[in-house]
Amino acid sequence: MQQNASAPRQAPPLVLTIAGSDSGGGAGIQADLKTMLALGVHGMSVIAAVTAQNSLGVQGYWELPAEAVRAQLDSVLSDIGVHAIKTGMLASTVLVETVAEALAASDAPSVVDPVGVSKHGDSLLAPDAVAAVRSALLPAATVVTPNLYEVEQLTGVKVVDERGLREAAEAVKALGPRWVLIKGGHLPGEPADLLFDGEREHRFSAPRHDNRHTHGTGCTLASAIASRLALGDDVPAAVGAAKEYVTGAIAAGFPLGAGIGPVDHGWRWR
């Protein structure tokens, strides 16, 4: 039966990413928008920084002025609106504070990926901005998704095995987010992540794939969680669905350039 051409079409759920641009296309804004498309939501972007980046690392980055970030936020939020927000690389104190204000003023759930370094170990957050992440950004977050390096950077807690995940979760939760997802993928053994809201604890495990091409994993996971929240999942269900998606993307990661290639955001279509 042919659809009536005049019937109004409804927009899919709306998700906004606030992050840095990855010129290599594997992480940052580019990974976020690919993830959102793959999960059936409409992705929008506020670019906070521009990186010169490839499979070998980050050769440089330039943060945008706060007024440019604020103008992008105002444009999207005042006209289109959002069902969920994801943040990634914010680079500086002033940008962290600018974005934190927007999250605090929005009713939409927010997923904060507190990006500190790149996959290659390149710093993506000014040292003096860490305090602003602790005091302004994390208290405005629905879910925060630190890896083990970021846990140590934010709280001083060093996790060496899976038994330390709960201590890490409690330390990050004390900084104010509603939920904490500690990513334990760099620990020995089967990868395990811990989701914690101060009382309830959910553990997520996944097979470890023998694939070095994992660039963009953190961005992809956080964007997938935000997408699932926009689609109506509660937080544990959103994390579970996002974990399934990113695990498949890691398994399908492919070589690119001379270094570490990206996860495959379109793995379900191939």
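Read the figures in this text as sums done on the coordinates, not as results from a lab. Since this is a predicted model, take the numbers as computed values, not measurements. When we count neighbours, we look across all protein chains shown, and the Cβ atoms used for this are built from the backbone with ideal geometry, even at glycine.
Observations
- Of interest is the spacing of the C-alpha centroids, which for region 164-203 and region 51-112 amounts to 24 Å.
- Eligible aspartates and glutamates near Lys158 by straight Cα distance, threshold 16 Å, same-chain separation 8 or greater: Glu150, Glu167, Glu170, Asp193
- A full extension of the chain between Val160 and Val117 corresponds to an added length of 13.6 nm, given 0.36 nm per residue minus the alpha carbon distance.
- Helical runs assigned H by DSSP (4 residues or longer) give the chain a calculated mean residue ellipticity at 222 nm of -10000 deg cm²/dmol, each run adding -39500 (n - 2.57) before division by the residue total.
- A dipole drawn for region 146-191 from +1 and -1 charges on Cβ atoms has a positive end, and of Pro146, Gly164, Gly189 the residue lying farthest that way is Pro146.
- Once both labels are positioned 7 Å from their Cα atoms along Cα-to-Cβ, the gap between Ala192 and Ala131 label points is 3.7 nm.
- About its Cα centre, the dipole of region 14-258 is roughly 420 debye, where the only charges are +1 on Lys and Arg Cβ and -1 on Asp and Glu Cβ.
- Loop-located trypsin sites (Lys or Arg not before Pro) in region 137-188, at most 12 other Cβ atoms within 10 Å (DSSP): Lys158
- The chain: relative contact order in percent, alpha carbon pairs under 8 Å with at least 6 residues between: 18 percent
- Asp107-Leu256 FRET efficiency (beta carbon distance; Förster radius 30 Å; 0.05 resolution): 0.20
- Among Ser78, Val96, Thr217 the positive-end extreme of the charge dipole of the chain (Cβ point charges): Thr217
- Gyration tensor verdict on region 145-196 (Cα atoms; rounded if a/c is under 1.5, prolate if a/b is larger than b/c, oblate otherwise): prolate
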